[in-house]
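Let me begin by presenting the structure, written as structure tokens, before commenting on it.
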Amino acid sequence: MSEILPWITLVVCAGAALARIPSAVRGVNPTLFFIFLLATAAAVLSIGQFYVAIDGALGGINIAHVVLRLIVFATIYLIAVRVTKGFGAPDAHRMIAGRPGLAVLAIFSAALVAIFLLMDASATSADFRDTAGASPRNEALMPYYWATARGYLAYVSLALLPALLRSVREHLPPLVRTGAVLMAAGAVATVAGFCLEFAPAQLLPAAPAVNNGAVVFYTSGLVMVWLARLNAANRRSHGTSSTER
């Protein structure tokens, strides 16, 4: 099951990206296409066969894993900026995209790269956790690496959650509220994924399902909001046509 989940995530993200290509070519909301494209790239790097091939091209020392984590940072940042603007959440927007938010992003990004550089180089491993066994140094640093990798995602998700939950209760179109519910589920799953890093080892097998679920929830939520905008645009177009006739 854990091997199927990344493929499901890839199909969802790639499908959303492909569906957005016509609009992106027309210059309509290209940011949404870029979000789905980044999510697709992250999904590709999360699949063992692709990861091994890409990391081999980068030197075979797991640099691809740092690239993957930074792509995920960029993806959730762009999602958060879009959500805070779309749902009217200025406080959350400041926490994520204002000076405090950008400082948090810079700190987590720098810490992630620094911890990786402090580790002893090890051969490509599709399961990065396995590299902890390469040396005592790696074993000691691995928990900090994962806490940093999941920490920024949890920070953004906690900042977004109040705005998403508020939107669920407001009188918005059903598709928008459905999107808010899905993204709220993604935020909760993301925080749960962070908490699993500190949970007993026997709970770690649940991490892939939780983390892949978070990606699917966030992506599906954005798709719902996009569909709501399409429906609204179609209604306006039909209304204009009726008036003209």
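The values are calculated or read from the model by the stated rules, or taken from the named source; none is laboratory data. From a predicted model like this one, the values you see are computed outputs, not experimental measurements. Cβ coordinates were reconstructed from backbone atoms using ideal geometry, including for glycine residues, and neighbour counts include every protein chain displayed. The accessibility values were calculated without ligands, DNA or RNA, using every heavy atom of the protein model including side chains. Shrake-Rupley method; radii C 1.70, N 1.55, O 1.52, S 1.80 Å.
I'm trying to understand the selection: among the residues of region 182-205, which are in contact with a Ser or Thr (Cβ under 9 Å, 6 or more places away or on another chain) and of a type outside the set (Gly, Ala, Ser)?
Scanning region 182-205 gives Leu182, Met183, Val188, Thr190, Val191, Phe194, Pro205.
Any residue at all in region 150-159 that is open to solvent by less than 40 Å² (accessible area, probe 1.4 Å) and over 25 Å from Ala206 (Cβ atoms)?
Within region 150-159 (the criterion being open to solvent by less than 40 Å² (accessible area, probe 1.4 Å) and over 25 Å from Ala206 (Cβ atoms)), the answer is no, since none of the residues qualifies.
Might you check whether a residue that is at pLDDT below 90, touching an Asp or Glu at 6+ places or on another chain (Cβ under 8 Å) and farther than 13 Å from Ile79 by Cα occurs anywhere in region 149-172?
no
Among the residues of region 160-189, what is the count of those that are open to solvent by less than 20 Å² (accessible area, probe 1.4 Å) and either touching a Leu at 6+ places or on another chain (Cβ under 6 Å) or of a type outside the set (A, V, I, L, M, F, W, C) (or both)?
The total comes to 7.
Do you know which residues across region 179-225 are part of a helix (DSSP H, G or I) and aromatic (Phe, Trp, Tyr)?
Phe194, Phe217, Tyr218, listed by residue number.
Please state which of the following conditions Ile47 fails to meet, knowing it meets all the rest: (1) over 21 Å from Gly151 (Cβ atoms); (2) modelled with pLDDT of 95 or more.
(2)
Considering each residue of region 191-233, count those that are within 21 Å of Gly86 (Cα to Cα) and either within 13 Å of the chain's Cα centre (by Cα) or modelled with pLDDT of 95 or more (or both), and give that number.
Summing the residues that are within 21 Å of Gly86 (Cα to Cα) and either within 13 Å of the chain's Cα centre (by Cα) or modelled with pLDDT of 95 or more (or both) in region 191-233 gives 9.
Return the total of residues in region 105-149 being basic (Lys, Arg) and more than 17 Å from Ala201 (Cβ to Cβ).
1
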